[in-house]
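So the structure is just underneath, and the comments pick up after that.
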Amino acid sequence: MENLFRLVDYEDMFSKRCIWVNGPVIVGAGPSGLATAACLKQQGVPFMVLERAECIASLWQKRTYDRLKLHLPKQFCQLPNLPFPKDFPEYPTKKHFIDYLESYAQKFEINPRFNECVQCARYDETSGLWRVKTVATCGSAKSEFEYICRWLVVATGENAECVIPDIEGLGEFKGDVIHACEYKSGESFKGKKVVVVGCGNSGMELSLDLCNHNASPSMVVRSSVHVLPREVFGKSTFELAVLMLQWLPLWLVDKILLVLTWLVLGNMERFGLKRPSEGPLLLKNTKGKTPVLDIGTLEKIRSGDIKVVPEIKRFSNGYVEFVNGEKQGVDAVVLATGYRSNVPSWLQEGEFFSKNGFPKSPFPNGWKGNAGLYAVGFTRRGLSGASSDAMNIAQDIDQVWKQETRQKKQRTTACHRRCISQF
């Protein structure tokens with residue numbers, strides 16, 4: 001590929017750590033990156049996976065709580081070309097899922113370059129290639145690399161960085177303050193008054209875990225939220241919704257889900273949990289806001305073991321003040337305030353991705369940009385959405401790959417070997 005030599009002069013390219021990748025570079029070795037790599041492997045397309053952590057699926061391995069299980073049945077969470085083992089439970093545990101991902105990487109021979117953090121990636125108009133600059137860490141030593149590739153797959157996902165809210169007095173609060181990504185178990189909070197900021201799936205489940213470990217949790221609910229039963233009459237609520245959507249319009253499915261929720265869970269507004277005016281599926285599709293699937297938290301809210309409180313006004317001297325004027329003593333704070341994409345911090349591109357780090361085009365058209373740029377795992381539709389993206393990306397790259405390799409097989413192979421030999 002003669003365009004490669006337009007990037008830098010010949011001597012600079014081979015004396016410094018500049019590497020030609022004979023295929024796409026995938027940034028991120030979470031489920032999305034692994035799924036894309038596996039699909040490319042099936043197509044016979046080579047690839048390079050870059051991962052800033054020292055393991056695959058670092059979010060699952062290092063930033064999740066011990067009691068976590070998949071919220072959806074396993075058939076909706078498996079990655080392409082490898083189902084979950086039959087002996088796995090309907091809702092696999094954290095350990096089950098990590099074991100599955102390790103087996104997945106091994107089966108498809110996916111070997112990421114770990115401890116390598118992408119600093120910037122940009123498209124070179126002159127050569128028509130992507131330039132991906134990284135810093136690799138090995139102990140205290142650091143090395144810089146630059147990868148040159150025809151395709152760039154962004155697989156860093158929706159949850160790359162923690163969101164820390166700006167609450168008055170939080171920085172001066174003397175008690176423990178942790179984000180949900182640091183929370184492992186409620187064991188260390190036994191006997192303490194804990195404020196959990198956030199009422200999504202994580203906030204609800206951490207409040208339940210704290211309660212089960214004899215802590216006194218208060219869960220901050222700032223806005224309306226859809227809480228659905230995980231199962232309705234022994235059937236997964238999500239699976240039921242998927243089946244109904246095959247025959248009924250979304251608005252009607254939303255109404256049926258709300259009626260079933262009322263029958264199973266009852267009226268929740270009297271406990272401080274107000275429902276949005278939009279239905280749960282419509283809200284998910286239009287704003288990406290996921291409904292909460294209840295696994296026992298509501299029972300603890302009804303019994304008073306978990307207290308629902310309004311938005312926080314400020315922290316001060318061992319207590320928290322809410323916007324309604326009430327004050328409450330507090331020993332610790334858990335911020336279940338979610339995550340955000342980090343794409344804008346390293347990808348120098350403004351057409352495909354928006355400022356919030358998500359593709360501008362909504363699902364199902366947000367997987368492909370221009371000039372060989374792709375995105376996987378930004379659909380706000382969980383693992384099934386990531387799998388759909390991965391298959392589309394692999395098929396799209398494979399079409400061009402086969403055409404180009406037939407035309408330039410000898411030249412591309414020679415260039416690849418010479419560049420790698422200098423690494």
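The values are calculated or read from the model by the stated rules, or taken from the named source; none is laboratory data. Fair warning: this is a prediction, and the values are worked out from it, not measured in the lab. Please note: Cβ atoms are built from the backbone with ideal geometry, for glycine as well, and neighbour counts cover all protein chains shown. The accessibility values were calculated without ligands, DNA or RNA, using every heavy atom of the protein model including side chains. Shrake-Rupley method; radii C 1.70, N 1.55, O 1.52, S 1.80 Å.
Side notes on the structure shown:
- Ratio Rg/Rh, restricted to the range 164-338 and using Cα atoms, in which Rh is the Kirkwood radius: 1.00
- At an R0 of 41 angstrom, the distance between the Cβ atoms of Arg222 and Asp87 translates into a FRET efficiency of 0.50.
- Taking 0.36 nm per residue of separation and subtracting the current Cα-Cα distance, fully stretching the chain between Lys62 and Arg270 would add 71.2 nm.
- Under-5 Å amide H pairs with Ala215, H placed in peptide plane, nonlocal only: Gly191
- Among Gly157, Gly385, Gly33, the largest mean-square fluctuation in a Gaussian network model of the chain, built with springs joining Cα atoms closer than 10 Å, belongs to Gly385.
- For the range 227-237, Karplus couplings with θ = phi - 60° (6.51, -1.76, 1.60), whole Hz, Gly/Pro x: 10, 10, x, 5, 9, 10, 6, x, 10, 4, 4
- Loop-located GluC sites (Glu not before Pro) in the range 117-174 (DSSP state other than H, G, I, E, B) with a sparse environment of at most 15 neighbouring Cβ atoms within 10 Å: Glu125, Glu168.
- Choice from Met48, Met219, Met268 showing the highest fluctuation, given a GNM over the chain with Cα pairs closer than 10 Å: Met268
- Anisotropy class assigned to the range 103-250 is oblate, per the alpha carbon gyration tensor with a/c at or over the 1.5 cut-off and a/b no larger than b/c.
- Here the contact order of the range 164-338, divided by its residue count and restricted to Cα pairs under 8 Å and six or more residues apart, works out to 38 percent.
- Phi angles of the range 127-143 translate, via the Karplus equation with coefficients 6.51, -1.76, 1.60 and θ = phi - 60°, into HN-Hα couplings of 8, x, 10, 8, 10, 10, 9, 10, 10, 9, 10, 9, x, 8, 8, 10, 9 Hz per residue; Gly and Pro are given as x.
- Whole-number percent relative contact order across the range 38-158, with pairs defined as alpha carbons under 8 Å at least 6 apart: 24 percent
- Under Karplus coefficients 6.51, -1.76 and 1.60, residue-wise ³J(HN,Hα) of the range 291-302 in Hz, glycine/proline x: x, 7, 9, 6, 10, x, 5, 4, 4, 6, 5, 4
- Cα convex hull of the chain, projected area averaged across orientations, nm²: 22.9 nm²
- Spin-label pair Glu161/Asp176, simplified geometry with 7 Å Cα→Cβ offset, distance in nm: 2.7 nm
- Pairs of Cα atoms nearer than 8 Å and 6+ residues apart set the relative contact order; for the chain it is 23 percent.
- Accessible surface computed residue by residue for the chain, with neighbouring protein chains in place and a 1.4 Å probe, gives 48 Å² per residue.
- Long-range amide H partners of Cys120 with built H, under 5 Å: Lys133
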